[in-house]
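Below: one structure, written as structure tokens.
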Amino acid sequence: MRTYYIAGNWKMHMTIPEARSLAKELAGELKGCRHKIMIAPPFTALAAVAEICKKSGILLGAQNMCTEESGAHTGEISVLMLKDLGVDVVILGHSERRHVYGEKDSDINKKVLLALKHGLDVILCVGETLEEREAGKALEISRNQLISGLAGVSEKAMKSVTIAYEPVWAIGTGKTATPEDANEVHADIRACLKDLYSESLAASVTIQYGGSVKPSNARGLMEMEHLDGALVGGASLKAETFVPIALFDA
Ligand code: PEP
């Protein structure tokens, strides 16, 4: 039985006081929430939010990390630094990292392996662009990103991995995949996990959907067989929109 997992990606928003205030509001309003919850503030606010997360049971997420543990990598943040701050989870392969900052599948795979080596949980994002969807390649692109991202990850280590299917054309655009379209890709991701690992592993992996999730569409998406949660961007920036998504009733 998979647990619903709702994660908020705050992207490059929130000063430290704003982040602290939102985290406190969420901690209060999500007390007793039955689903697994994570928030990923910007790096600068991780320390300020860490204690609030720890006390409330909300997981603390980072939005990215470096491919290397340490060294001459000006401006980068290492897995060891995230561990220092009490980070539990790192989002890797987000489409903005892939398509705006040119991250390659091989970079993402290095990060996945490094995060798992150091005991961080991983949310690995995959998903196709509009052009790729229109060319009938939605399943192929997600499969390829999944296979490359998970290269060298053992079945045992997969306990710490969540997959987020995020069609690029639905992120921050207000366009959501229909529940049926999303479920088709999620089912294919699960089939791919079965090919890569085993039927039982595939059945146990949480697959989140991301792309303009909001209170009005969360329930319809979550009702689909293979959708186990959401990675939420815009709607995670306010308690009034994130809380109803996090508290949806399955
Ligand atoms: C995201 O950034 O992962 C995301 C899904 O954003 P939004 O919810 O704003 O589409």
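What follows is calculated from the coordinates using simple rules that are stated; it is not laboratory data. Values in this document were obtained by computation on a predicted structure and should not be read as measured data. Positions of Cβ are generated from backbone atoms using ideal geometry, with glycine treated the same way; all protein chains shown enter the neighbour counts.
General observations
- Between region 71-87 and region 139-208, the Cα center-to-center distance that results, in Å: 27
- Each stretch of four or more DSSP H residues adds -39500 (n - 2.57); spread over every residue of the chain, this sum gives -12500 deg cm²/dmol at 222 nm.
- Residue with peak Gaussian network fluctuation, the chain [Cα springs, cutoff 10 Å], from N109, N144, N64: N144
- Most mobile of Y209, Y197, Y101 in a GNM of the chain (Cα contacts under 10 Å): Y101
- Alpha-carbon Debye profile of region 39-111, log10 I(q)/I(0) at 0.15, 0.28 Å⁻¹: -0.51, -1.31
- Rg/Rh ratio calculated on Cα atoms of region 99-209 (Kirkwood radius): 0.95
- DSSP-defined antiparallel bridges as percent of all bridges, the chain, nearest 5: 0
- The ranking of C192, C53 by Cβ neighbour count inside 10 Å, starting from the fewest, reads C192, C53.
- Computed over the chain with a Gaussian network model linking Cα atoms closer than 10 Å, the most mobile of R143, R20, R34 is R34.
- Charge dipole of the chain about the Cα centre (unit charges at C-beta), most positive-ward option of L196, S21, G61: S21
- Per residue convex hull volume, Cα atoms of region 5-246, in Å³: 117
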